[in-house]
Amino acid sequence: MTARTSLASWQALSDHAGQMKQAHMNDLFNQDKQRFNKFSLQLPALLLDYSKNLVTEHTMEKLFALARDCDVSGWREKMFTGEAINRTENRAVLHTALRNRNLDPLYVDGENISAQVEQTLGKIKTFTEKVRQGHWLGYSGKRITDVVNIGVGGSNLGPQTVTEALKQYSDNSIKVHYVSNVDGAQIAEVLRPLNPEKVLFIVSSKTFTTTETMTNATTAVKWLVSSSFDERAIAKHFVAVTANKSNAREFGIAQENIFDIWDWVGGRFSLWSAIGLPVALDLGFDKFLELLEGAYDMDNHFRQAPLAENAPVILALLSVWNCTFLGAQSQAILPYDQSLHMLSAYLQQAEMESNGKSVTWNGEPVDYATVPSIWGELGINGQHAFYQYLHQSNNVVPADFIGSVESVTPVKGHHETLMANFFAQTQALMCGVDEAQVRADLKASGRQSDYIDKVAPHKVHKGNRPTNTILMKRITPKTLGSLIALYEHKIFVQGIILQICSFDQWGVELGKGLANKIQQELTEDGLKGDHDSSTAELISFYKNIKAA
Ligand code: F6P
C-alpha cells in the first residue's frame with residue numbers, strides 16, 4: 001500500500017464509495033431540501049453549485065478529512081511561500097507571485113521575486129503603451145497594427161484562450177494572431193494578409209529551445225527580412241518572452257526586447273507573466289492587470305478559506321471522489337459562453353500535463369486511478385454532438401457547466417435560450433427518467449402498446465450523472481482571472497491528494513527526442529534509424545513517395 005491508500009480517511013472513503021454507488025441523487029435531493037444551500041458556495045466572481053454530485057454531508061466530511069490527512073493546507077502554504085515543491089526539478093512553484101497585488105517581498109534563492117515581477121510588469125506596461133499609442137514604429141516608420149504570437153503549449157494556450165474570451169473588451173487597435181503549429185499551413189495562412197512593415201512578432205518560449213516555436217520564428221524572420229532586405233528590421237519587429245535570454249539573443253533578438261520569465265513559473269501556469277504580453281497589447285495594460293487581480297482574489301480565497309468553504313479544494317476533492325473512488329475516467333468541461341470556446345483546450349493542458357502521471361512524487365507506482373482525461377466543447381455545440389453519450393452511455397462522465405448570467409454581447413432573445421439549455425442539461429443529467437415514466441409519457445401522448453414496448457427502453461435515462469455548475473455574473477477580465485485561477489488551484493490540490501508532482505512534464509520528452517532523430521532521417525539520404533518494423537516501414541513509405 002502506498003501512503004495515501006493506507007490513510008484511514010482513504011479507506012473510509014473506499015468503503016463509503018461502495019455504499020454511495022447504490023444511491024441516486026434524486027433520492028438525496030428528495031431527502032434534503034437544503035441540499036443546494038449545503039453544497040454551493042458564492043464567491044465574488046462566481047457561484048459554485050456542486051449539489052448535483054453523488055455526495056452527502058458524510059461524503060464531504062470524509063473528503064475534507066482526506067484533505068487534512070494529506071496536509072493540503074500545509075502544502076498550499078509551501079507553494080505560496082516559495083518552497084521547492086516541484087520536487088523532480090527542485091523548483092519553487094510561484095505563478096501566484098505573478099499576480100500578488102499586495103507586492104509583499106518574496107524571496108527565492110535570495111532574490112526578491114516580487115520586485116522582479118513588478119519590474120517586468122512595468123516593462124510590459126511601457127511597451128504595450130508605446131505600441132498601442134503608435135510610438136513604437138516598424139523599420140519603415142509605420143505603426144504596428146498586427147501582433148503575431150509564436151509559441152506552443154503554455155506559451156500559446158493561456159494567452160490565446162484569454163484573447164478569445166475577452167474579445168469584446170478589445171478596442172481593436174491591434175489585431176492579435178497566434179501561431180503554434182509547426183505545420184507551415186498555419187503560419188502561411190496568418191502571414192498571407194499581413195504587411196511586414198506593420199507586424200510585431202512575439203517569440204514566446206520559456207526554454208527557447210522548442211523545435212516547433214523555433215521553426216516558426218525562423219520562418220517569420222525570413223519573411224520579414226525578405227521584405228525589408230535589412231536584418232536590422234528584426235530589432236523593430238521581434239520581441240521574446242523567455243527564461244533563456246542567451247538563446248534569444250543568439251537568435252537575433254535585441255537584449256532590450258527580451259521579457260523575462262523565471263524557472264519558478266511553469267509553462268502551463270505562465271499566462272500571468274510576460275507570456276500574457278499579447279493580451280496586454282490587445283486589451284491594454286489596465287485590463288491585463290484586472291485579469292491578474294481576478295486571479296489574486298482567487299489566490300486569497302484559496303489561501304484563506306477553510307477547506308470546507310474553499311472552492312478549489314472542493315472541486316479537487318470532487319474530482320478525486322468521482323474518478324478515484326467512483327471510477328469515472330474522464331471529465332467534460334462545458335462552457336456555454338461562446339467566448340470561452342478555448343477553455344477546455346486550455347484546461348486539458350493544465351490538468352493533464354500536470355497530473356497525468358503514474359508514479360508518486362517519491363517515484364513509487366501509483367496504485368489508484370489518478371486524474372481523468374479532460375475534454376469538452378462549447379455546451380450548445382456539444383449538445384448536438386456528444387451529449388447523447390453523456391446522457392445514456394454506460395460511462396459516467398462528470399461535467400463542469402460554466403455559464404454567465406449576462407452576456408457580454410447581448411443579442412435579444414439569445415441568452416435565455418442559451419441559459420435555458422444550460423440549466424436543463426444538468427437537471428436532465430441528474431434526474432434522468434425511468435422506464436415507468438417513459439411508458440406513462442408515451443401512453444399519455446396516445447402511443448399504442450407495441451410502439452411503447454419497442455421504444456421505451458431506448459428512452460430511459462438513468463440520470464445520476466454528476467455535474468458542477470459554475471455561474472458567473474458576466475465574463476470580465478477579473479472574473480476570467482478568478483475562473484482560471486480556480487482551476488489552477490484545483491489541479492494543485494488534486495496533485496497533493498494523489499501524491500503526484502504536478503509541476504514537471506517528463507512524459508513529453510521521449511517523443512520529442514525521437515522526433516529529433518527521425519527528422520534527420522527524413523531530411524538526410526541513406527540515414528536509417530533503429531526502429532520497430534511499423535515505424536521503419538512508415539518512414540520508408542513516406543520517403544519513397546517523397547522521392548518518386
Ligand atoms: O512540451 C511540453 C512543454 O514543455 C509545455 O510544458 C510548455 O508549455 C510547452 O512545451 C512550450 O514550452 P516553451 O515555452 O519552453 O517553448
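Observations on the model:
- Leading residue by the ranking (nearest to the ligand (Cβ to nearest atom)) among those in the stretch 492-532 that are within 25 Å of Leu317 (Cβ to Cβ) and among the aromatic types (Phe, Trp, Tyr): Phe503
- Checking every residue in the stretch 224-244 against the condition of being over 26 Å from Gly134 (Cα atoms) and open to solvent by 30 Å² or more (accessible area, probe 1.4 Å) gives at least one match.
- Among the residues of the stretch 13-41, those that are among the hydrophobic types (A, V, I, L, M, F, W, C) and more than 23 Å from Glu364 (Cα to Cα) comprise Ala17, Met20, Ala23, Met25, Leu28, Phe29, Phe36, Phe39, Leu41.
- Enumerated strands (runs of 3 or more DSSP E) restricted to the stretch 163-276, each holding at least 3 residues that are in contact with a strand residue (DSSP E or B) (Cβ under 9 Å, 6 or more places away or on another chain) and within 16 Å of the ligand (Cβ to nearest atom): 199-204, 238-242, 258-260
- Here Arg68 meets each of (1) closer than 30 Å to Trp321 by Cβ; (2) touching a helix residue (DSSP H, G or I) at 6+ places or on another chain (Cβ under 6 Å) with one exception, condition (2).
- Pairs, first on the phi > 0 side of the Ramachandran plot in the stretch 431-459, second in a helix (DSSP H, G or I), C-beta under 9 Å, six or more apart: Gly432/Asn26; Gly432/His391
- Each residue in the stretch 285-330 was checked for being farther than 22 Å from Lys62 by Cα and open to solvent by less than 10 Å² (accessible area, probe 1.4 Å), and 7 pass.
- Every test in (1) in contact with a Cys (Cβ under 6 Å, 6 or more places away or on another chain); (2) open to solvent by 10 Å² or more (accessible area, probe 1.4 Å) is passed by Lys512 save one, and that test is (1).
- Residue ID - nearest to Met352 (Cα to Cα), chosen from residues in the stretch 132-162 that are out of contact with any strand residue (DSSP E or B) (no Cβ under 8 Å at 6 or more places or on another chain) and open to solvent by 40 Å² or more (accessible area, probe 1.4 Å): Val152
- Scanning the stretch 11-54 for residues that are within 17 Å of Asn310 (Cα to Cα) and assigned to a loop (DSSP other than H, G, I, E, B) turns up Phe39, Leu43, Pro44, Ala45, Tyr50, Ser51, Asn53.
- Qualifying residue in the stretch 314-331 (condition: assigned to a helix (DSSP H, G or I), of a type outside the set (S, T, N, Q), modelled with pLDDT of 95 or more and in contact with a strand residue (DSSP E or B) (Cβ under 6 Å, 6 or more places away or on another chain)): no
- Among the residues of the stretch 379-417, those that are of a type in the set (A, V, I, L, M, F, W, C), farther than 21 Å from Leu326 by Cα and not in a strand (DSSP E or B) comprise Ile380, Ala385, Phe386, Val405, Val408, Val411.
- With respect to the conditions (1) open to solvent by 10 Å² or more (accessible area, probe 1.4 Å); (2) closer than 25 Å to Ala485 by Cβ, Val55 lacks only one, and its number is (1).
- Failed item in (1) open to solvent by less than 10 Å² (accessible area, probe 1.4 Å); (2) under 22 Å from the mean Cα position of the chain (by Cα); (3) closer than 21 Å to Gln133 by Cβ, with Val199 passing the rest: (2)
- Considering residues of the stretch 176-194 that are farther than 17 Å from Ser204 by Cα and free of Cβ contacts under 8 Å to residues at least 40 places away in the same chain only, the residue most open to solvent (accessible area, probe 1.4 Å): Arg192
- Subset of the stretch 1-10 [exposed (fewer than 14 other Cβ atoms within 10 Å of the Cβ) and part of a helix (DSSP H, G or I)]: Ala8
- Qualifying residue in the stretch 360-377 (condition: part of a helix (DSSP H, G or I) and away from the ligand (no atom under 16 Å from the Cβ)): no
- Any hit, the stretch 341-359, residues being assigned to a loop (DSSP other than H, G, I, E, B), free of Cβ contacts under 8 Å to residues at least 60 places away in the same chain and more than 30 Å from Thr145 (Cβ to Cβ): yes
- Single unsatisfied condition, Ser393 versus (1) surrounded by fewer than 21 Cβ atoms within 10 Å (Cβ to Cβ); (2) within 16 Å of the ligand (Cβ to nearest atom): (2)
- Scanning the stretch 137-162 for residues that are touching a residue at least 40 places away in the same chain (Cβ under 8 Å) and more than 16 Å from the ligand (Cβ to nearest atom) returns Leu137, Gly138, Tyr139, Ser140, Lys142, Arg143, Ile144, Thr145, Asp146, Val147.
- Among the conditions (1) within 16 Å of the ligand (Cβ to nearest atom); (2) open to solvent by 10 Å² or more (accessible area, probe 1.4 Å); (3) over 28 Å from Glu189 (Cβ atoms), the only one that Asn100 does not satisfy is (1).
- The set of residues from the stretch 453-472 being surrounded by 22 or more Cβ atoms within 10 Å (Cβ to Cβ) and either basic (Lys, Arg) or part of a loop (DSSP other than H, G, I, E, B) (or both) comprises Arg465, Pro466.
- Of the helices (runs of 4 or more DSSP H) that lie entirely inside the stretch 477-548, those containing 3 or more residues that are farther than 30 Å from Gln168 by Cα and modelled with pLDDT under 95 span 509-523, 533-547.
The values are calculated or read from the model by the stated rules, or taken from the named source; none is laboratory data. Not measured: the values here are computed from a predicted model. In this analysis, Cβ positions are derived from the backbone assuming ideal geometry, glycine residues included, and neighbour counts consider all displayed protein chains. Surface accessibility is based on the protein's heavy atoms, side chains included, excluding ligands, DNA and RNA. Shrake-Rupley method; radii C 1.70, N 1.55, O 1.52, S 1.80 Å.
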